[in-house]
Amino acid sequence: MSGKAGTIGNAPRETTVAAQQAAPETALLRLGDQEIELPVVVGSEGEHAVDISKLRSQTGYITLDEGYVNTGTTTSAITYLDGETGILRYRGYPIEELAAHSDFVEVSYLLMFGELPSAEQLDEFRQGLRQHTMLHEDIKSFYSGFPRDAHPMAILGSVVGALSTFYQDSLDPKDPSQVNISLYRLMAKLPTIAAFSHKKSIGQPFIYPRNDLSYCANFLQMMFAVPTEEYTVDPDFAEALNLLLIVHADHEQNCSTSTVRMVGSADANLFASISAGICALWGPLHGGANQACVEMLERIKADPDGVGKYVDLAKDKDSGFRLMGFGHRVYKNYDPRAKIIRATCNRLLSKMDRKDPIFEIAQELESVALSDPYFVERKLYPNVDFYSGVVYRALGIPVGMFTVLFAMGRLPGWIAHWMEMHESNTKRIQRPRQVYTGAQKREYLPVEKR
Ligand code: SDX
């Protein structure tokens, strides 16, 4: 592995000086008769945060913020998003421009190493990935151990975690060369692991990667080729997949990325940290929403009562039903990724001269919901998961693989955050506090006295 393309040791890091400098103003906190001033940190896009790192030592108090709705766990120079105005930028580049002009491998380089690569760096990165697309032959036996209907996210998380057993000489998170080779292996092998899990589920032979194809075309041929005949990748399919992977590539401190950071903060190796992120992403409130959304749309399609019934169910707290693919912790405006994916749906389906009733229902559901006060008041809009399943269906991807494709897209973002954390001079193991509300001290009673 050469030291040029994509080596973290010389990665140009955007300093977050503005984020580190305390702003002129401070926050005054009054607790009873005690008053303390807390520094205010200002990000490079003007975000303000009260730095409470000295709060407990100065006051004995901690803060409480279920779900970290108001709590920043770190500063970061990777992705900026503004939920109020629907802005998303990777290393300063707007997602709309990257979707229009870049490709997933280049975007992965940008996220992990901080700058758009030169032509030479990009070529070297692409070649480097191609050297690592195959899995160790022993890994194939893992797949025969899984039940036929094993969920591919379970397989993905297990196999990625197990990769560390094959690369025991390169697990040290503090050695840039070991981290570098690990990120190449993960980026190159995830599509192979994913495609093998699909082949396993349909009882077809594994199709090996082809190094003469692009990242996306290679994945599609591993998914859909069979040894008995020639397979040609549809360039429209490869382009649509490329777009989907770009818009999924990072999203600052989301649940799975925070999980990767949390596990990595203990100096666990990169494979273990990414495996943990895959497990978090599987949740239907997070990356699993793309599968849950298409299942919801299928349910609506089969129900003569149609969209209105489900909009009413979503508004009824007691129904336990939510519109999957709708709402977001940060976006209180239209998710810019959903706009790009919806346009991709239109373009791909018209190129295929195909109508997908699920897409029609999704658009009807969006227009009904966005004119309903319940959704308007709560600023609930379609998110990245609302339309992505329509594109995946058009590509022939089975619904159980949708979240696997989310993981493939998010991998460079996870790795970028894991590396940024390890390169930070303020890194500490993540160990949140709590407020105890359980029983106070009491004596043990022997069982005969209870
Ligand atoms: C992703 O963090 C990221 O960046 C994630 C992600 C990424 O790229 O990593 O963007 C990817 O995970 C997108 C989100 C995918 N999940 C879904 O689509 C599942 C459905 N959506 C939700 O359950 C919900 O909107 C969340 C989980 C996404 C956000 O949950 P929050 O921020 O905790 O919001 P909440 O549950 O407190 O809801 C606020 C209000 C509630 O009503 P009130 O109690 O105020 O009356 O909005 C309601 C909720 O009941 N609400 C919904 C709803 N989402 C929120 N009501 C109906 N349908 C929904 N989808």
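The figures follow:
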| read-out | value |
| --- | --- |
| Amide H contacts of residue 40 (H built 1.01 Å from N, under 5 Å, at least 5 apart or other chain) | 23, 27, 51 |
| Ranking of 423, 97 by count of other Cβ atoms within 10 Å, fewest first | 97, 423 |
| Cut-off 20 Å (backbone N to label point 7 Å along Cα→Cβ of residue 329), residues of segment 408-423 | 408-422 |
| Cβ-based exposure ranking for 420, 295, 124, in which fewest neighbours within 10 Å come first | 295, 124, 420 |
| Extension gain from residue 120 to residue 202, taking 0.36 nm per residue of separation minus the Cα-Cα distance | 25.5 nm |
| Difference of contour (0.36 nm per residue) and Cα-Cα distance, residue 47 to residue 234 | 63.0 nm |
| Charge tally in the Cβ shell below 14 Å around residue 298, where Lys, Arg are +1 and Asp, Glu are -1, residue 298 excluded | -1 |
| Pair residue 431, residue 364: separation of 7 Å Cα→Cβ label points (nm) | 5.6 |
| Footprinting exposure proxy for 273, 424 (fewest neighbouring C-beta atoms within 10 Å first) | 424, 273 |
| Dipole of segment 391-433 [Lys/Arg +1, Asp/Glu -1 at C-beta], most positive-end residue of 419, 399, 429 | 429 |
| Charge dipole of segment 109-209 about the Cα centre (unit charges at C-beta), most positive-ward option of 180, 143, 112 | 143 |
| Rounded to whole Hz, the Karplus (6.51, -1.76, 1.60) HN-Hα couplings of segment 441-450, x for glycine and proline | 4, 8, 7, 6, 10, x, 4, 5, 9, 8 |
| Potential lengthening between residue 317 and residue 177 on full extension [0.36 nm per residue; Cα-Cα distance subtracted] | 45.2 nm |
| Derived scalar couplings ³J(HN,Hα) [segment 45-56; Karplus, 6.51 cos²θ - 1.76 cosθ + 1.60; whole Hz; x for Gly, Pro] | 10, x, 5, 10, 9, 8, 7, 9, 4, 9, 4, 5 |
| Label-reachable residues, segment 365-382, where backbone N falls under 18 Å from a point 7 Å from residue 309's Cα toward its Cβ | 365-366, 368-369 |
| Cut-off 14 Å between beta-carbons: net charge of the residues surrounding residue 278, Lys and Arg +1, Asp and Glu -1 | +2 |
| Cβ-based net charge around residue 256, under 15 Å, with every Lys or Arg adding one and every Asp or Glu removing one | 0 |
| 222 nm mean residue ellipticity, helices alone, for the chain (DSSP H n ≥ 4; -39,500 (n - 2.57); rounded to 500) | -15500 deg cm²/dmol |
| Sequence-distant residues sharing a close amide H with residue 326 (under 5 Å, placed H) | 383 |
| DSSP loop chymotrypsin sites (Phe, Trp or Tyr not before Pro) with at most 12 other Cβ within 10 Å excluded, longest remaining stretch of the chain | 1-435 |
| Total charge dipole magnitude, the chain, about the Cα centre, Cβ charges on Lys, Arg, Asp, Glu only, Debye to nearest 20 | 1140 |
| Cross-link pairs 189/355; 339/379; 54/427; 301/355; 309/355; 54/379 - those with Cα-Cα distance over 25 Å | 189/355; 54/379 |
| Whole-Å distance, taken between Cα centres, linking segment 29-61 and segment 265-283 | 31 |
| The chain: DSSP helices with Cα axial extent of at least 30 Å and average Kyte-Doolittle hydropathy no lower than -0.5 | 176-202, 402-423 |
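Only the coordinates and a few stated rules stand behind these numbers; no lab work does. It should be emphasised that the depicted structure is a prediction, and the values quoted were computed from it without experimental measurement. So basically every Cβ, Gly included, is an ideal-geometry build from the backbone, and we count neighbours across all protein chains shown.
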